[in-house]
Structure formats: C-alpha cells, structure tokens
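Computed from the coordinates by the stated procedures, all read-outs in this text should not be read as laboratory data. Owing to the predicted nature of the structure, the values given are computational and were not obtained by experimental measurement. Methodologically, a virtual Cβ is constructed for each residue, glycine included, from the backbone with ideal geometry; neighbour enumeration extends over all protein chains shown.
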2 protein chains.
Amino acid sequence: MSAYRQLVDRFNQISAIRGASSMLSWDAETMMPDGAAGVRGEQLAALAGVAHEKITDAALSDMIEQAKGEALDGWDAANLKEMERSFHHANALPNDLVSALTKATSHCTHVWQAARPKDDFESFAKAFEPVLKLVREASVAKSEALGLEPYDAMLDEYDPGMSSAQVDEYFGSLQAFLPDFLSEALEHQANNRQFKPLEGDTPTAAQEKLGRKFMTALGFDFNHGRIDVSAHPFCGGVPGDVRLTTRYNDDAFSQSLYGVLHETGHAMYELGLPEKWRGQPVGQARGMSMHESQSLFLDMQLCRTDEFFAYALPVVRDTFGVSGDTWESENFKRSLLEVERGFIRVDADEVTYPLHVMLRYRLEKALLSGDLQINDLEAAWNDEMKKSVGVVPDRVGNGCMQDIHWPSGAVGYFPTYTIGAMIAAQLFDTLKTQVPSWAEDVQKGEFGAVFAWLRENVHQKASLHSTPELITQATGKPLDVEIFKNHLRDRYLS
Amino acid sequence: MSAYRQLVDRFNQISAIRGASSMLSWDAETMMPDGAAGVRGEQLAALAGVAHEKITDAALSDMIEQAKGEALDGWDAANLKEMERSFHHANALPNDLVSALTKATSHCTHVWQAARPKDDFESFAKAFEPVLKLVREASVAKSEALGLEPYDAMLDEYDPGMSSAQVDEYFGSLQAFLPDFLSEALEHQANNRQFKPLEGDTPTAAQEKLGRKFMTALGFDFNHGRIDVSAHPFCGGVPGDVRLTTRYNDDAFSQSLYGVLHETGHAMYELGLPEKWRGQPVGQARGMSMHESQSLFLDMQLCRTDEFFAYALPVVRDTFGVSGDTWESENFKRSLLEVERGFIRVDADEVTYPLHVMLRYRLEKALLSGDLQINDLEAAWNDEMKKSVGVVPDRVGNGCMQDIHWPSGAVGYFPTYTIGAMIAAQLFDTLKTQVPSWAEDVQKGEFGAVFAWLRENVHQKASLHSTPELITQATGKPLDVEIFKNHLRDRYLS
C-alpha cells in the first residue's frame, strides 16, 4: 500500500474516532442525565487520547514525506497538504502542555459558570491566569512549529491561512466605519422604522413546528440529521448525521426561529460536503469563518430579505394562529431588523455584532502579548465598549465575563464571526447576480436553486482551496469589506 | 508504577472506549436517523478496532505475569484474574478471524432481517453457512486458548465458568419435568383460571407514564439513566448512565409494562455495581445468566406476586382511567399469568420459555459439532418443537429463523436465559426468608428493603466471585433446579 493510502486509512480512523466524540458531546448536551457527566468525561478523554495518539504517531511524519514523492494531484494533493497541516497542529504542542491546558480550561470554565452570574471577577481572574499563561505557551510552541507569529498560529487553527495582518486590514476599515454608521442607523430607525411588539401567543410546541417547517423548506435532510433542545444552541454531529439544537422561549419566538435558521446554515454546509472525501482532511469544512458565513447566509442575509419575509410571514401567522396589525408585513420586518446598542454579543444585531467582535480581537491580542494584564481587563473592556458600542456594561457578568471562549482557551476564534459575516454578504451579493431567479423562488418558499449554487461553490469544495481562493473562485474577487458595508447601508438606511 | 496499576489504567481506558461504543449503539437504536447507519458503522468499527488493539497489546501479557508477583488480595486479586480472562478471550482469535466474523455476521443479520418475513430459508441458510463455519473456527481457537471444549469455550464468554456438563445436568432435569408439567398447568388453567380480556383504552402516552411510575417506585435513578423507545427493547448504556428502551402497543399494555420491568431489573444491576470498581473487569456484572436473573427477578418473580398485583392494580387503573369487572384483581392476575403453547420465544410465558431455550441449546450444540447440517435445521426444529412445546411453527419465519442470535454468531448465549430464570427463582426464594417484611413492603409499593438485599448480595459483588460462588453466598446453597420447579408448581397449579 502506498504511503498516501496508508495515510488515508489512518485519517479515516481518526475521523471516525473524532466523529464518535462529536456524537457523545451532542448527547451530553441534549439527552444525558446530569449525573452521568463524570462517566461521559472519562469516555471523551479516552477518545481524545486515542485520536491524539493516532495523529502524533511518529510514523506519520515519514509517511507524509514519502507520500510527497508519490505524484499526487488535485484533491489528493490538497488532501496531503491538509494532512500535513493537521499533523503539524497536533504535534506542535508537547503532551504535557496539552494535558495541562485541558485541566486548566476545564477548571476555568467550571469556575466561570459559577462566577459569571455572581459578577465574581476575582474568582474568574484567578482561574483564568493559568489558562492565559498556558495559551501563551501554546501560541509560542505553535508559532515555532508553523512558522507564524504567535497570535497568527492560534488564528490558523480556526481559519487556516488567515493572518492578523489581514484581519487588521479588514477590521481597521470596519472599525473606522461602524460607530458612525451605527449612530446613523439608529437615527434612521427612530425616525422611520418604529414598530409595535408582535402580539399573541407563540408557544414552544408551535415554535418547534415552525422551525421544522422552515428546515424542511430549506432542504434539510431529516434522514441525515435531527433537531433537539439544548441550553446553548449548536450544530453538532458529523457530516451524514448532523445534530442541531435550539432553545425555546415562549415569549420570543424569533430568537428560536433565527437560531434554527442559523444552525440550519451550518448543518447544510456539513450535509453538503463531498461524500467521497468524508473522513479525510480535505473533505472537511474549510474553517470557522467559512462555516459562520454559511449560518449567517441564512440568519442575516437570505432570511431577512423582503422576499423571505413575504414567504415566511403567512407561514408564521398560520402556525401560531395570530393576526392583527402587529403581524402586518412592514411591522413584522422592522421587528426583525431592529438595531440596538447592547452589552451582550450573542443578542446583538448585525450592525453592532462586529463591534463586539473587534473589541474582543484587540483585547485578546493584548492579553496574549502581555500588553494587557488580566487585572486591567474589566476597565479596558468597559472603556472600549463605551467608545465602540456606546454603552458600558451594567455589571462585569455582562461585560468581559460574558463569553465562554477565553475561559475555555479559545483565543483566535472571535475574528471568524465577523469575517464570516463579510463572506456571507459577499456570497449573497454574487448569488443575486448568478441566480437571478432567487427573488421569485424565495417568495414561493423554493430554495433549491439557492442551495444548488452554495453547494457547487462552497459546500462541495470542502477544503480543496484556501479560504481566500475559495472566496475568489465563488465570487470573482477577494473578500471585500465594502460589500459588507454596502449591505448594511442598503438594509439600515433605506 | 506497578504492573498492576498499569493494567488498571489500561482497563479503565478500554472500558471508556467500550462505554463510548455502548452509548453510540443506544443512539443508533433510539435517536439516529436511518440515513446515518453507514457513518455510525464506521465509528463503531473504529472504536472496536481501538479497543481490540489495546487489549491484544503483547505488553499486556508481560504486565499480567508481573502483576501476579505483586501479592494482591481481595478485589485486586479477583480483578487481576478477570483481567487475565478478558485478555485470553480477546487474544484467542486471530485478527483475520475476528474481521471475517464481523463481516459474515453483519451480512447474515442483514440477510436474515429481509428473509425472515418472507420465510426465505434458502437465502438465510446461504448467509448463515459461512457464519457457522467461522463460529466453529472461533470455538476451536478459544478451546485451545482457554483449555475448554469448543462449545464450553463459547459459553464461557457469556457465563464465565459455566460448562455444558453443568448445563446438561440442569436442563436434563428440567426437560424431564416441563413437558408434562406444561400439560398439567394448561389443564389447571382451563379448569380454574379462565379470564376475560382487560377492556378499555391503554394509549401509549399513559403506558409511558405508567412505566415511569413503576420505575420510580422501584428506585430507578433518573439522574443516571433514561428510558426511550426502540424497535427491540434492551438495556444499554454504561453503569452510571443506563439507557433502557421499550416499545408500546396501544392494545397490549402489559407487554410494554413487563418489558419495562424486565429492563429495569437489568438497569438496577448496572446502577448497583460498585462505583469504586467501575471500568475494571472485576467491577462488571458477573455474566449474562446473572444479568438475566436480575431482569427476571422483577419480570417473572417479584412483579407477578399477589403482593405486587395488590400494589400495582390501583396504579394501573388510575393511570389508564379504567374500571369494570375485567379490572378486578383475580381477573387481572390471571391475565398476567397465562400459559400458552406458542411458536415464539420472546412472547413465551415462564413455563414454556425454558422449552424454547433448551431446544435451541441442543440444536446449536449439534450445529457447532457438525452433527446437524443447516439444511436439516428446519426439520429438526419442527420435530423438537412438536415433542417439547407441543406445537409446530406455522412457517419457518416463526420457527428456526425467529432469533437474531445465530445470524449474529452468538452461539452459547441461549442457555443463560433459563439459567437466569433458575437463579431468579432461587434468589427470590431466599429473599422471602431473609427479608420477611417484603410482602408488606411490596403491597405498599416500597421496594427499598428488597433492593438493599439485592444490592448487598448480588449487585455490589460484581465479578468478585464466580457465578456458582455468588449464588451459594447469596442463597446458602448451589443453584438448585428444584427451587425453580417448585416455584412453577406453586404458581401454576394453585
């Protein structure tokens, strides 16, 4: 068997083990009784250990070198490149550091969960200090292994090939634009887009039915996935068996509905990946920015257009059995496009969301480099919030302690949310030209052509190209912040 | 670290990996969308492969030899013995044979599922032939590795330490007794125990509620387990996270109810195993006979007593909102103790069930030894059914093709059902003496003392002793067929 074929077998095996972990993580959030957390932790640790053994096996390095001499092309050549990337990432950290990080982040997320509602910054800071120290060590180790700057080495895990220089360019342009634009949009909203709260009962059972109706219309394949309830919505499982979740609030149906649409976007990407390359590095989704672009393509682009509202509103009214003037189309639309200065990232609209993200990006870079001390984090956060979003958190639990990312050691993840939003805007912009029937289709609740385009240009490409190449091939140009800005202008100043 | 400690770590790891498999198997039967079967198969195969690698690691053999010099006692000594047993079983079969068996049984169960409803014996036989050939090879390989006769080597996997000589003794005595007893019981029933079918609606939702009520009363810990629906009821998951299943038939509530009680018996055993020894061979349930004794202790012993009926009937009536003379206590009891000559093992009552089992035991031994050819199986089956149960299957799908055991390569499993029934009778017989409050307790729906006794005498002993030792310690005497016979006489001739 050729070295490359041996690698293919090995990666199939690793992928199956990681897939098993993914299913167990889904179960832990949706089905598992609370008392089983300890037992489940041991199962997940054992599988992580086995997958780590398999990918840090020294023989892999030789196989990769040998395979390079095997004259591969196309998908196979790209696959070998991704195998090597995967190998380097996994081998960059010594085992001691990996297990120290696992322990420290597990402890810190645990402390954080209890400390956040109590605004107990001190406890959080104490548990976060070793995490930050170990993340810094990890970034240095990855920097050496990958030949990247420390922050870029972290970023590379979530968005392969992305650099902080590139992020700085995008974010510089957006930061210069957004605060003023936000004021303008809010003024426009106050003058032209007042709305009345939607009145009527929207009970959980009907919300669930509604979510399934839209998932079905969008083409979600219930023969290869399901939807359940969890405290924190996510899209889990594996390609071919996607498990997405939502949560229901009787009094706020649109949160769940757009949550479902968001996760359905992620799910359609996983379900649309090429079956032939399942289990191989090249067959995986391209990265977190591209993944977020697929959720936001539905959540913030397609499903907040007039065309979608025209299709969706009758379905919503019918499912809830509601009527009256608050459910008229203009009021419905305005209620779903409200802009607001707020403290909380996950509740933010698409205008303020990037401000939340860019603030985190600046602060986590400063934390990693040591320019910012944990003790100064709260003051820096509040100061940046004031300048950027225009509000200061009412309490630290709603401020720098609001996200799970840092306690869990995920530094370098935040930028992908906003890069994803930019990619989504650019993809939709292109789709409008290339699939001119989209508007008519969507008003009728037909999404076949839209997803055929996404499948061909994004999903089926998996990790064949780098993110910038993928964007350029799909849209005819590199990622362009102006398209996102124009989208915001069109939507919020009209 | 001592060799024994290293073994403990290794077995914890193996147990966690197998536990992960067990959760994924549960998910496949309860939650997984159909289209994901292929993906799931790959995950399960990868985990089985990893667990197999870990337990067939040549270093284990040395560690075991070293650990024998480490002066262990009590639980540790027993654990080492079980480790060795586990190692020998896993290493008895060459890898080629394991993977050939996996393929052949997977193919055969698939063929069997389609062939059974169509009475297509020919297709089944063709797929079963390679399975039988490989099982025969496996029994020879195990025979050599374990120093046991081929059939005994198969039996040992399900009921450690049990021999066919011992089974022959039990079954010889039972076979000499049961056919005549069955006629007597049926005559007694016709003369004294006629009953009217229970009348009224027993919809699935109410059945589910009823099952949960009884599980709660019995002490099932919903913080460490759950109940769901599957096509074939089972008790899965792991100790600390037990997943049991049932199925509902609106018109036959007692099937589901006693199914739930049966699986709850299995579940209570798993949940009652000593937490300290979780993940270690000595901490596991003692074997399939002992496991079945725990399910039958509820299903056939405790929960079919007058005392249980006195507690249960008002709960049943109340949950379904039914009344009338068919729901009076004597009629209710008779309906749950009906004896009948039938074709199907899983539908059989406790009088005919052992006849079904003993028939299979005789035939599978003959198949394994080569004394019986697959082509002669149907005739042999029907002949034995006529002599033993007194009826001939209406069709081959209800005859020798009814069980999944043989298609899946499980030869040596069947005897454990009836040995389990005998153990259950003997345990309950002893409990009545040692926990004299049982009758009063059970009538009040209090099961604490009953389960305290089971926990102390069975569950907490895990695999510390052999099955015969465990029975002798718990009941003061070796397994005695007469106790089971007396139980049947008391119940069905009174």
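Largest first, the extents of the alpha carbon coordinates of segment A:121-260 on the three principal axes equal 57, 47, 37 Å.
Summed over all non-identical Cα pairs, the Kirkwood treatment of segment B:158-494 gives a radius of 20.8 Å.
The spread of Cα positions in segment B:270-341, taken along each principal axis and listed from longest to shortest, comes to 53, 32, 18 Å. In segment A:352-421, the inverse of the mean reciprocal separation of distinct Cα atoms equals 12.3 Å; this is its Kirkwood hydrodynamic radius. Note on segment A:378-427 and segment A:234-291: Cα centroid distance 22 Å, given to the nearest whole angstrom.
Taking the dipole about the Cα centre of segment B:158-494, with the C-beta of Lys and Arg at +1 and of Asp and Glu at -1, give me whichever of B:Thr467, B:Ser323, B:Gly283 is farthest to the positive side. It is B:Gly283, whose Cα lies furthest towards the positive end. Across the protein assembly as shown, counting alpha-carbon atoms alone, Rg and Dmax equal 32.2, 95 Å.
Inter-part distance, segment A:8-24 to segment B:446-486, computed on C-alpha centroids, equals 42 Å. Counting Cβ atoms of other protein chains within 10 Å of each Cβ in A:13-20 and taking the mean gives 6.
Label-point spacing at A:Asp180 relative to the other copies reads 10.6 nm, in ascending order, each point sitting 7 Å out from Cα along Cα→Cβ.
Using the Cα coordinates of segment A:95-185, the gyration tensor eigenvalues translate into equivalent-ellipsoid semi-axes of 29, 24, 9 Å, sorted from longest to shortest. Taking the Cα centre of the protein assembly as shown as reference, the dipole from Cβ charges on Lys and Arg (+1) and Asp and Glu (-1) amounts to some 0 debye.
Across peptide B:261-274, the average count of Cβ atoms from other chains found within 10 Å of a residue's Cβ is 0. Label-point spacing for A:His88 across the identical copies (point 7 Å from Cα in the Cβ direction), in nm and ascending order: 5.2.
Volume of the convex hull of segment A:177-254 (Cα atoms only), normalised per residue: 166 Å³.
Is the shape of segment A:145-224 best called rounded, prolate or oblate, per the rule: a/c under 1.5 gives rounded, else a/b larger than b/c gives prolate, else oblate, with a ≥ b ≥ c the square roots of the Cα gyration tensor eigenvalues? It is oblate, given that a/c is not under 1.5 and a/b is not larger than b/c. Ranked from shortest, the separations from the 7 Å Cα-to-Cβ label point of A:Asn486 to its equivalents in the other copies are 9.2 nm. For trypsin sites (Lys or Arg not before Pro), the sites in segment A:92-149 that DSSP calls loop and that have at most 13 other Cβ atoms within 10 Å are A:Lys118. Among B:Asp429, B:Asp394, A:Asp383, the order by Cβ neighbours within 10 angstrom, fewest to most, reads B:Asp394, A:Asp383, B:Asp429. Cα-based values for segment A:377-494, radius of gyration first and Dmax second, are 18.7, 51 Å.
Modelled spin-label separation between B:Glu328 and A:Asn192, with each label point placed 7 Å from Cα along the Cα-to-Cβ direction: 8.2 nm. Packing, taken as the mean count of other beta carbons within 10 Å per residue, orders the peptides A:342-352, A:476-486 from highest to lowest as A:342-352, A:476-486.
Using only the Cα atoms, work out Rg/Rh for segment A:242-366, with Rh taken as the Kirkwood radius, to two decimals.
My calculation puts Rg/Rh at 1.03.
Across segment B:419-487, the fraction of Cα-Cα pairs farther apart than 20 Å, rounded to a whole number, is 29%.
Take the Cα radius of gyration of segment B:1-51 and divide it by 2.2 N^0.38 Å, N being the number of residues; the result is 1.45. Distance between the 7 Å Cα→Cβ label points at A:Asp201 and B:Glu137: 6.6 nm.
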